[in-house]
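Note sheet for the following structure.
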Amino acid sequence: MAPGLRVRRRLAPAAARRPGSSPSAGRGAGAGAGDRPRFAVEVIRTEIITPAHDLAEVVTRYTRGRLQPGDVVAVSTKIVSITQGRLVRPEQLRPGILARLVSRFIDQEGSCSSPHSLQAVIEHTGRWRVGLAFLVGGISRVLLRRSGDFYRIAGYYARVIDDVMGTLPPFDKHIVLPPADPDGVAHRLARALGPGIGVCIVDANDLGRAEVVGASPGVDRQAVVEVMRANPWGNTDQQAPLAILRPRPDEPGRADEGRPADEPASAGEPPPADGRGPAGEPRPEGETDRADEPRTAGARPSPRP
């Protein structure tokens, strides 16, 4: 370990150790207690993911036989970065004056509280942006009692980077950089999983924060954020980097999903023209459909039962 390195564990999901799954439908949506999450969540454990793995093969294999049309597969940013080989040893970085200064004022729970991780951010984002984020974040914290402005201004790299000890061995001595082209990764995974399946790349932690950094077309990013704020993946020891998000049956647009095209949708469709009742049963003698009954002028038709 590099001299002077301060180890900070970032509370975030990691690649898993054992195969299996754990339903987490009851874990929150990040909203009030009376609000119901839009998605039910099934967490999936995997083997330890390494740069030698093909991400599409891993996601396809662990979700095979579990998916239904309309599902969204959530993938941790951690395993995306690992399969892309975006790993840096702290001794490969030489923190400058700005990194050493700013890191002293960052909340200790954040990855940028390490000068080595912050130096990686500076090398990608630039000194001026990180310096501006430091100044504005400090002023807003002192005068407005507001936190988080540093990460909002410093950008994607600062928010998603993982410091050492933030994942399982053999990567616990590495800084894990954010995924490259997360939207493109999500699109490719969605194509590999087939029609009707969405994919999102999610960064979540145990501090109640979640961010969808990439998603395939049609994925409701805000709904994903709401359910992932509770971090159903858990911390690193729970080792679950995948989850299936399944829209609940009472969500709008789900009631008729999967209905055959030739099957009547529901109430409001006209009865068969052959005079037979529902499901082809003969209509009792003397019974007429309300749509065929004579109406009194100005009267409104009563609703069908």
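The values are calculated or read from the model by the stated rules, or taken from the named source; none is laboratory data. Since the structure is predicted, the reported quantities are computational estimates derived from the model, not experimental observations. Please note: Cβ atoms are built from the backbone with ideal geometry, for glycine as well, and neighbour counts cover all protein chains shown. Ligands, DNA and RNA are stripped out before the accessible areas are found, and what is left, the full protein with its side chains, is counted by its heavy atoms. Shrake-Rupley method; radii C 1.70, N 1.55, O 1.52, S 1.80 Å.
Quick notes on this one:
- The 3J(HN,Hα) values that the Karplus relation (6.51, -1.76, 1.60; θ = phi - 60°) gives for the stretch 133-142 are, in residue order, 4, 5, 5, 5, x, x, 5, 5, 6, 6 Hz. Gly and Pro appear as x.
- Checking every one of the trypsin sites (Lys or Arg not before Pro) in the stretch 144-245 against DSSP loop status and a limit of 12 other Cβ atoms within 10 Å picks out 145, 146.
- Accessible surface of the stretch 89-165 [probe 1.4 Å, protein heavy atoms]: carbon and sulfur percent: 59 percent
- On the principal axes of its alpha-carbon atoms, the stretch 63-105 has extents of 52, 23, 10 Å, going from largest to smallest.
- Long-range HN-HN contacts of residue 174 with modeled amide H, under 5 Å: 165
- For the stretch 214-229, 3J(HN,Hα) computed residue by residue from phi via the Karplus equation (6.51, -1.76, 1.60; θ = phi - 60°) reads x, 7, 7, x, x, 6, 7, 4, 5, 5, 5, 4, 4, 7, 8, 4 Hz, glycine and proline entered as x.
- Remark: the Cα gyration tensor places the stretch 99-140 in the oblate category, a/c being 1.5 or greater and a/b not exceeding b/c.
- The stretch between residue 173 and residue 61 holds 37.5 nm of extra length on full extension. This uses 0.36 nm per residue minus the Cα-Cα distance.
- Residue 141 sits with roughly 90 Å² accessible to a 1.4 Å probe, with DNA, RNA and ligands left out of the calculation.
- Spin-label model, residue 105 to residue 221: label points 7 Å out along the Cα-to-beta-carbon direction sit 2.9 nm apart.
- Rounded accessible area of residue 42 (nearest 10 Å², 1.4 Å probe): 40 Å²
- For residue 240, the residues whose modelled amide H falls within less than 5 Å of its own, excluding neighbours fewer than 5 places apart on the same chain, are 14.
- Residue-by-residue Karplus 3J(HN,Hα) for the stretch 148-156, coefficients 6.51, -1.76, 1.60, Hz, glycine and proline x: x, 5, 4, 5, 5, 7, 5, x, 3
- Solvent-accessible surface ranking, highest first, for 125, 63 at 1.4 angstrom: 125, 63
- Solvent-accessible surface of the stretch 104-160, taken per residue with a 1.4 Å probe and all protein chains present: 56 Å².
- The stretch 194-237, relative contact order in percent, only Cα pairs under 8 angstrom and at least six apart counted: 38 percent
- Nonlocal amide H pairs with residue 46, under 5 Å, H built at 1.01 Å: 16, 17, 18
- The order of 104, 66, 129 by accessible area, most exposed first and with a 1.4 Å probe, is 104, 129, 66.
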